[in-house]
Amino acid sequence: MTTVAGRHRSYDGPSTTPRRRTSGAGGPSFPTGLVAFGAVLVLAAGGGYVLYTKKHDGAGSTGAQNPAAGGNASCPNPTTLTVDASPDIYTAVKSIADGLPGCVHVTVTSAESAAVEGFLSGSAKGGDVTSAPDVWIPDSSMWIDLAHAHKVTSLVDNAAPVAVSPLVIGMPKPVADANGWPAKAFGWSDLLANFKTTRMQTEVPDPANSGPGLAAITMLRGAVLTPAGPDKAKQQQALQNLTLVYRVMSTSVASSMSSLLTDLPTKGATAPSSGGIAAFPATEQKVAAYNIASPGTPLVALYPHEGTMMMDYPFTVRQGLDAAHTKAAADFQALLHDPASVNTLQKAGFRDPKGAAGGILTSANGVNPIMPIVAPPDATHTAAPASLAVWNTTSEQTRGLVVMDISGSMGLPVPGQVDPATKTPLTRLQITEAACETGLGLFGNSSELGLWTFTTKSKADGGGTVHTEVVPMGPLSAPIGQGDRRAALAAALRQLAVQPGSRNGLYDTILDAYRTVLNGWAENKSNAIVVFTDGKDDGLNSMSADDLIGKLNALKTANPGHTVRVMVVALGSGVDLSTLSRITAAANGQTLHAETPTDIGNAVIAGFAGRLSDQ
């Protein structure tokens, strides 16, 4: 495939490779990624974060002030340094800031990493982050990768960690004991196997809002995709597996790490067969801190035997500070690495930047102070944005149409592709149908999907475009006939047939589909159309591409804020890729090209898994 499809890369932890202020190559093409239909690519609606954080008010409990804070005879005009710190490290950083000598006033604010990234990138909706801090200490460098992917250029390169805490799998101790802990190793592979059987209830803090949640889906992405290697068939299967894993995970999501831990006393498993939350991603620090409070059911931290990621709390300085603020930031960073400060951080449950443990990190508190196996870092800085893009597409509900070309050329056999049962060659349409059917399981029951086909009448009948509503758009769980819409779509896909000798009425169909989805546009869903075609519009009475683009622009102007995205999966060599790209650009979408017939299946599945966002 060409154009926008890219390579999936394993992401195993923050990289030591310098982060550059680039345009974020490898990040999402759209802020929330692409939502697709197993075959059906749909673009996610615009997203953002609404999180509670504290404002930079320079006073009250959110501000940590050193003795020079208010100004005095020797320091009438102190330099004020604003610092946003991840809530889990905020208290320790605040107490250290109190001891900064010199004519500097440090204001430390507790701010969710996702909220700060959302403010910097302009994707936040609401929230209390109202200004860019001088220094940002998120819980992971992944948020810097996301900021770069979202075109943020205001962060200084080479942020060094303040402290680290390994990503672990948190588990109630009775459940861990029953599963052979600590003698038996537990890893990402075991977690993946559990998603297939759902033997243990697993919950994840929302990856869009939580560092441990984002780290978990990124590590799982690497565990699923890396074994596939360069083999296309294995890659396709791995992409399907990844989206299925994310789909299962998305059914049990906590709004934040804090809310998950708060709910554990009432919702957590208390015995191997008691039911309740039995496994979840967390930081080592969170597990130890939870156990300090002597809960009724303590936790243990399981360190994945394949390797894990270090949450690295990078000291990230804003670009363009003046000399006084630059020096203040450097002085504060140096103070954070002072032995007394390291001791403060270790007492709070963090390791020093080299991984040395101390303080509450003891076996009595459910953790192992020995340095765990750390997976190789992601030198590309792209896997976290790509993972979140795929997560967003699989977890978001969709409202859209799948529009299938059934003109004559879709009946052409695909070289080397044979039906194993009948030993007959498979056609372009059959391969596309199969990929679409596979993707149905990746959508929640509240998603609304419908199926159209399109072709043209014969020349004798005027050659006009014909599009047919095979399955009306509606909730997948809604009853149709003897089953639900999901079953009806699967059956309809299997029964699609090519219309021999017919032409391609693409442009008229795109416009009619756009109008249909626009009518009844849903605010909280991704409203989209995915078109599969292998040819140019050659309908005898079709409008021109320029006419279509003009009409799409007019509809957008008349319906501000009602975004409908058109995605075209262009199959084979007979497509006019340049024209299709102009059309999809006008309709908030994108064109994916499968250059050869053997790439059709990959193009469809790659589209769903968000590979347009994974350069």
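The values are calculated or read from the model by the stated rules, or taken from the named source; none is laboratory data. Since we're looking at a predicted model, the values are computed, not measured. Cβ coordinates were reconstructed from backbone atoms using ideal geometry, including for glycine residues, and neighbour counts include every protein chain displayed. Please note that ligands, DNA and RNA were not included when accessible areas were found on the heavy atoms of the full protein model with its side chains. Shrake-Rupley method; radii C 1.70, N 1.55, O 1.52, S 1.80 Å.
Descriptive notes on the structure:
- Bins of 10 Å from zero: percent of alpha-carbon pairs in the range 107-180: 16, 42, 21, 13, 8
- Scattering curve values for the range 224-300, log₁₀ I(q)/I(0), Debye with Cα scatterers, q = 0.15 Å⁻¹: -0.68
- Gyration tensor verdict on the range 521-566 (Cα atoms; rounded if a/c is under 1.5, prolate if a/b is larger than b/c, oblate otherwise): oblate
- Accessible area per residue (1.4 Å probe, heavy atoms of protein chains only) ranks LYS151, LYS423 as LYS423, LYS151, with the largest value leading.
- Accessible area, probe 1.4 Å, largest first, for residues SER581, SER273, SER407: SER273, SER581, SER407
- The range 286-367 shape via C-alpha gyration tensor axes, a/c threshold 1.5: prolate
- Net charge of Cβ neighbours under 14 Å - reference LEU555; Lys, Arg +1; Asp, Glu -1: +2
- Mean-position separation - Cα centroids, the range 505-530 and the range 240-310, in angstrom: 40
- Given R0 = 35 Å, the distance between the Cβ atoms of SER255 and THR468 translates into a calculated FRET efficiency of 0.25.
- Applying the Karplus relation 6.51 cos²θ - 1.76 cosθ + 1.60 with θ = phi - 60° to the range 128-136 yields 3J(HN,Hα) values of 9, 7, 10, 7, 7, x, 5, 10, 10 Hz, where x marks Gly and Pro.
- In this rough spin-label picture, where each label sits 7 Å from Cα along the Cβ direction, the ASP263-ALA185 distance is 3.3 nm.
- Distance (nanometres) between label positions extended 7 Å along Cα→Cβ at ALA193 and ASN559: 4.9
- Subset of LYS267/LYS347; LYS184/LYS232; LYS94/LYS354; LYS234/LYS286 violating a 25 Å alpha-carbon distance limit: LYS267/LYS347; LYS184/LYS232; LYS234/LYS286
- Dipole axis of the range 135-223 (+1 Lys, Arg; -1 Asp, Glu on Cβ), positive-most option in LEU146, SER210, GLY222: GLY222
- With a simple spin-label model that places each label point 7 Å from the Cα along the Cα-to-Cβ direction, the separation between ASN77 and SER446 comes to 5.5 nm.
- List ARG351, ARG428, ordered by accessible area with a 1.4 Å probe, largest first: ARG428, ARG351
- Anisotropy class of the range 73-210 from Cα gyration tensor, a/c 1.5 cut: prolate
- If you plug the beta carbon distance of GLU523 and ASP157 into 1/(1 + (r/R0)^6) with R0 = 51 Å, you get a FRET efficiency near 0.85.
- Amide H to amide H, with H built 1.01 Å from N, ARG399 comes under 5 Å of GLU448, SER526, ASN527, ALA528, counting only residues 5 or more places away or on other chains.
- Amide hydrogen neighbours beyond the local backbone of MET311, cut-off 5 Å, H modeled: SER165, LEU167
- GLU433 - accessible surface, heavy atoms, 1.4 Å probe, Å² rounded to 10: 20
- Note on HIS305: accessible area is roughly 80 Å² with a 1.4 Å probe, heavy atoms of protein only.
- Coordinate range of the alpha-carbon atoms in the range 357-510 per principal axis, descending: 84, 39, 34 Å.
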